[in-house]
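Comments concern the structure below.
Just so it is clear, none of the values below were taken in a lab; they were calculated from the coordinates. The structure presented is a predicted model; accordingly, all values stated were derived computationally and were not measured. Neighbour counts are summed over all protein chains in view; Cβ atoms, including those assigned to glycine, are modelled from backbone coordinates with ideal geometry.
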Amino acid sequence: MFPIGKSYGGSDLNAEYTAARMRNEPVYELTQIKGSSEVHPALFPNDEFGNFELWDFTLAPTATPPKNKKSGYAREALIRGLKLESEGNGNPFKYGFIGDSDTHNVASAIEEDNYTGKFGFEIDPKHRLEGPPGVDEAGARQFRQFNSGGAAAVWAEANTLDGIFDAIKRKETYATSGARVKVRFFGGFGLSGIVLGSENGLEQAYEKGVPMGGDLSKPSTSDTAPTFIVHALKEAEEGANLDRIQIIKGWIDETGEQQSEIYDVAPSDDRKPGVDGKMPLVGNTVNERAATYTNSIGDVELSVTWTDPAFGPAVPALYYAGGHPDPDPALVDL
């Protein structure tokens, strides 16, 4: 997906390649029924949730793990794109995110608690554990590790085809692992004091900052660090509570190496980092025998205004918001 050196077709990763790719691919499918392709523990061992919903197989009868992790996961590519841009080649990996089911079915059941399978022949629940009749163990293992699919969210100015496609082109989109969580994300240099839930907060955020998918340019007269506002609201119906909001930062250091940092900016239940600096897990209310859980942990809504404590004015960087589930089955990966 994210070539190194040459494209799959043999093209150089130059400005012409970048322009063509960004013209045709403004957004990237971050998650679907065959798992997440945001991050892999082999590439980012500092991410404690890096193994979330991985489907680590190639589409082949042998069901073997792919060998080339580095060119297949979005976070690594996003950061590598900064280096390509600094070398005058443009950034071919400056993506917005979407998710989807990949079930090729307009009535896809993407809910974690109502997953009915990807294929029409999965009429028996045991097919999702053992595979359909005639499938060997390698194939059955792939079926077992399907998740229920993801969802694409688009902040469009109008619920029309033109409005939706305009929003996709400007990358004002995000992906979830299936739950319909409402998320807003803005960055800027004059956002302090803006509350997205207030009467005019959203209008002020658009006026003074840029929304998700946008480019944020530093004022030439200031070395002030940017401020980010993130607001998340759980799914309205029977959705599970939220665990935390994270901000992922990526940059290229002075030696040309890719770097990243994960900030837990809004944990639920008023948790604080432990002595090791890590945020304690929110907990687990799953009753496996009864196949139930409760919403007695986590928060319905999380909101934060955050400023990068390690901002370098001369260092191009990228930021995006994410969140991860606690062990309850329906808590969501933003």
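Kindly put 279, 212, 1 in sequence by how many other C-beta atoms sit within 10 Å of each C-beta, fewest to most.
The fewest-first ordering by Cβ neighbours comes to 1, 279, 212.
Per residue, what volume in Å³ does the Cα convex hull of the stretch 1-149 take up?
134
List the GluC sites (Glu not before Pro) in the stretch 124-191 that DSSP assigns to loop (not H, G, I, E or B) and whose Cβ has at most 14 other Cβ atoms within 10 Å. Which are they?
157
Which value at 222 nm does the chain reach when only helices count, each DSSP H run of 4 or more adding -39,500 (n - 2.57), with the total divided by all residues and rounded to the nearest 500 deg cm²/dmol?
It comes out at -4500 deg cm²/dmol, rounded to the nearest 500.
Would you indicate which of (1) 10; (2) 14; (3) 20 is the value of percent of Cα pairs over 39 Å apart derived from the coordinates of this structure?
(2)
I'd like the trypsin sites (Lys or Arg not before Pro) in the stretch 1-96 restricted to DSSP loop residues with at most 11 other Cβ atoms within 10 Å, sorted by number.
67
For the chain, with the dipole built from +1 on Lys and Arg beta-carbon atoms and -1 on Asp and Glu ones, taken about the Cα centre, which of 125, 66, 150 lies farthest toward the positive end?
66
Please give the charge dipole size of the stretch 193-334, origin at the Cα centre, charges +1 on K and R Cβ atoms and -1 on D and E Cβ atoms. Round to the nearest 20 debye.
With Lys and Arg at +1 and Asp and Glu at -1, about 180 debye.
So what's the gap between the Cα centers of the stretch 127-196 and the stretch 219-276, to the nearest angstrom?
19
Could you tell me how far the Cα centroid of the stretch 50-99 sits from the Cα centroid of the stretch 1-35, in Å?
If we compute the Cα centre of each part, the gap is 9 Å.
Which value results when the Cα radius of gyration for the stretch 209-269 is divided by 2.2 N^0.38 Å?
The reported ratio for this selection is 1.51.
Per 10 Å bin, what percent of the C-alpha pairs of the stretch 114-160 does each bin hold, from zero upward?
Pairs per bin, as whole percents: 24, 40, 15, 15, 6.
List 271, 289 from most exposed to least, where exposure is judged by having the fewest other Cβ atoms within 10 Å.
Result, fewest neighbours first: 289, 271.
Which value in nm describes the separation of the simple spin-label points at residue 165 and residue 11, placed 7 Å from the Cα toward the beta carbon?
Computed distance between label sites residue 165 and residue 11 equals 2.1 nm.
Which of the trypsin sites (Lys or Arg not before Pro) across the stretch 177-209 are loop residues per DSSP, with 16 or fewer other Cβ within 10 Å?
180
Out of 10, 43, 319, whose Cα points farthest toward the positive end of the dipole of the chain (charges: +1 Lys, Arg; -1 Asp, Glu; placed on Cβ)?
10
Roughly how big is the stretch 1-149's charge dipole about its Cα centre, with Cβ charges of +1 (Lys, Arg) and -1 (Asp, Glu), in debye to the nearest 20?
That gives a dipole near 520 debye.
For each of 8, 174, count neighbouring Cβ atoms within 10 Å of the residue's Cβ, then give the residues from fewest to most.
8, 174
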